[in-house]
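Remarks on the structure that follows.
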Amino acid sequence: MRVETYQKAPSAFARNAPGYLFLLPWFIGFFGLTLGPAIVSLYLSFTDYNLLQAPHLVGLDNYARIATGDDKFISSMKVTLFYVVCSVPLKLAFALMVALLLNRGIRGLPIYRAIFYLPSLLGSSVAIAVLWRQIFDGDGVVNTLLWYVLGINGPSWISNPNYSLYTLIILAIWQFGSPMIIFLAGLRQIPTDLYEAASLDGASKARIFFKITLPLLTPVIFFNAVVQTIDAFKAFTPAYVISSGTGGPIDSTLFYTLYLYQEAFGYFRMGYAAALAWVLVIIIAVFTAFSFLSARYWVHYDD
Amino acid sequence: MLYPLLWMLSGSVKDQNEIFGSASLIPSQFDFSAYARGWFGGQVNFGSFVWNSVVIAVLSVIGNVVSCSLAAYAFARLNFWGKNFWFALMLGTLMLPYHVTLIPQYILFLKLGWVKTMLPLVVPKFLAVDAFFIFLMVQFFRGIPRELDEAAMMDGCSPWRIYWRIMMPLSLPVLATAAIFSFIWTWDDFFGPLIYLSDINTYTVQLGLRSFVDSTGSSDWSSLFAMSSISLIPVFLIFLFFQRLLIDGIATAGLKR
């Protein structure tokens, strides 16, 4: 008996092999396209590399330049932060507002949901950016409407550095569909007996919203805020298309990723671009860590 | 919400002068010639961009679904040494912005001689680089009763057979969600093609459209709108047919994360 079980017990290889075989594509991708490149990128960020000559170490020069003397870094960071700070809260506010409206059992919900979701799905396509560029152009439809409705001669939004970034923020807000869907799903999960009990107690609508809906929705708000912020830091296509890749006028739409792209594939300063990428990672990581720390104070979990 | 999209669509059949100075959606007369001008007018036929995009998107869908479901099956159902460690690493890659790996990947593909071909856009998809899909599938696989594959295991089924004959057929909803998002994201991708494709014959729809904007400037707006509208058609059709699946996919992925 003992001998038989001994013979039947699979070897370590037989136990582990299937798992590793199934993971083989992922392993190749992970080591070859993610971990390996991440390490190389860290190394390159301490070098000067233009693809033609071998990279040579320059120590912390790239980071020092970022920290002290790079105007474009500062302006692109300002643009990006402004974009994140303006677009994300407004986008979430719209998403929540519309989700609350749609959650009141209105007729034709799937149709409304679809209408609000479609713009986000078309998302980062070039067509949408092109469309936006034409809408906000000097003789675009926004100014036509302004003229007919209010009698105002609007500026050329896209080519005026005072306004160009706002057009991109409006574009981001217009695409509030995916956080809205997640809000809708979150609203569904709030037990209805809580609402029934509250209305029996004669609580006002505002009170129900602030005492029940909002607290129970905080995990979803938190999730949406983190995801949308990370996405906003990475925005690229609209800024690229609207400014024809320049980030103009006067760097007013020079997003961080656009600057990184220009450094890497415009000037082939690969080492410096790698350093820029790592600075972005650090900023996103700091932001995410901060959100998770702050979540303790405002995100409400059931348990 | 839809006004800008409808305005673009109506702009594609309007007379040049009517696009400006009128916010109305209904053109005074329908003129479809802009579609022909846009499609045939460029240095390269717009159909060639569509074809390139279709090839890349379809290969990406196949690659993502196959490679991510293999990995997800291993993480959800198989036991092996170091599983939790690898799983944690996989989740970690969800957070990593692609900018970090971008430059070394570019250098790697350059050394392999793949730049200016579609290989850098397709091959990674076969290597399960999109951890989001693995994660989505793991969540789904965990909901499938374990008794099913345990019973099959007792009957002497190999893991491969269980994966192929039990898990895959039962996972069609999540596989479809991954396939659809994979298609849409690849179709809409601008950055990847921008970096890797430089020959106009290999351009995707997104690049073709961008070059169209630059080459025609603002001289022929209706054909620009016409080609923009065409570039949105596949995504729009997918949305129309799979709305429910897309919305459920995004809702559950968001909440379970």
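The values are calculated or read from the model by the stated rules, or taken from the named source; none is laboratory data. Just so you know, these numbers come straight off a predicted model, no measurement behind them. As a convention, Cβ positions derive from the backbone with ideal geometry for all residues, glycine included, and neighbour counts pool all protein chains shown. These area figures cover heavy atoms from the full protein model, side chains too; ligands, DNA and RNA do not enter into them. Shrake-Rupley method; radii C 1.70, N 1.55, O 1.52, S 1.80 Å.
Per-structure values
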{"quantity": "Residue count for region A:87-115, restricted to those that are over 21 Å from the mean Cα position of the chain (by Cα), of a type in the set (Lys, Arg) and open to solvent by less than 50 Å² (accessible area, probe 1.4 Å)", "calculated": "1"}
{"quantity": "Single residue of region A:81-115 satisfying the filter (touching a residue at least 12 places away in the same chain (Cβ under 8 Å) and aromatic (Phe, Trp, Tyr)) that is farthest from the other protein chains (Cβ to nearest Cβ)", "calculated": "A:82"}
{"quantity": "Scope region B:34-44; condition in contact with a Ser or Thr (Cβ under 8 Å, 6 or more places away or on another chain) and either surrounded by fewer than 17 Cβ atoms within 10 Å (Cβ to Cβ) or more than 26 Å from residue B:184 (Cα to Cα) (or both); matching residues", "calculated": "B:37, B:41, B:43"}
{"quantity": "Condition check for residue A:262: out of contact with any Pro (no Cβ under 7 Å at 6 or more places or on another chain), polar (S, T, N, Q), open to solvent by less than 30 Å² (accessible area, probe 1.4 Å) and more than 10 Å from chain B (Cβ to nearest Cβ)", "calculated": "yes"}
{"quantity": "Check on residue B:230, without any contact (Cβ under 8 Å) to a residue 40 or more places away in the chain, part of a helix (DSSP H, G or I), β-branched (Val, Ile, Thr) and facing chain A (nearest Cβ under 9 Å)", "calculated": "no"}
{"quantity": "When residues of region A:210-226 are limited to those that are open to solvent by 40 Å² or more (accessible area, probe 1.4 Å) and free of Cβ contacts under 8 Å to residues at least 40 places away in the same chain, the one nearest to the other protein chains (Cβ to nearest Cβ)", "calculated": "A:214"}
{"quantity": "Which listed residue, of B:2, B:25, is more than 8 Å from chain A (Cβ to nearest Cβ) and surrounded by fewer than 21 Cβ atoms within 10 Å (Cβ to Cβ)", "calculated": "B:25"}
{"quantity": "Complete set of residues in region A:227-259 that are in a helix (DSSP H, G or I), aliphatic (A, V, I, L, M) and open to solvent by 20 Å² or more (accessible area, probe 1.4 Å)", "calculated": "A:227, A:230"}
{"quantity": "Only listed residue being exposed (fewer than 15 other Cβ atoms within 10 Å of the Cβ), farther than 27 Å from residue A:37 by Cβ and within 24 Å of the chain's Cα centre (by Cα), chosen from B:143, B:47", "calculated": "B:47"}
{"quantity": "One residue from B:115, B:66, B:55, B:61 being under 19 Å from residue B:126 (Cα atoms), touching a residue at least 24 places away in the same chain (Cβ under 8 Å) and not in a helix (DSSP H, G or I)", "calculated": "B:115"}
{"quantity": "Residue match in region B:71-87 (condition: in a helix (DSSP H, G or I), open to solvent by less than 20 Å² (accessible area, probe 1.4 Å), more than 7 Å from chain A (Cβ to nearest Cβ) and among the polar types (S, T, N, Q))", "calculated": "no"}
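One line per residue, one yes/no per condition, for (1) surrounded by fewer than 21 Cβ atoms within 10 Å (Cβ to Cβ); (2) at pLDDT below 90:
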residue: B:147; (1), (2): yes, yes
residue: B:161; (1), (2): yes, no
residue: B:175; (1), (2): no, no
residue: B:182; (1), (2): no, no
residue: B:218; (1), (2): yes, yes
residue: B:227; (1), (2): no, yes
residue: B:234; (1), (2): yes, no
residue: B:239; (1), (2): yes, yes
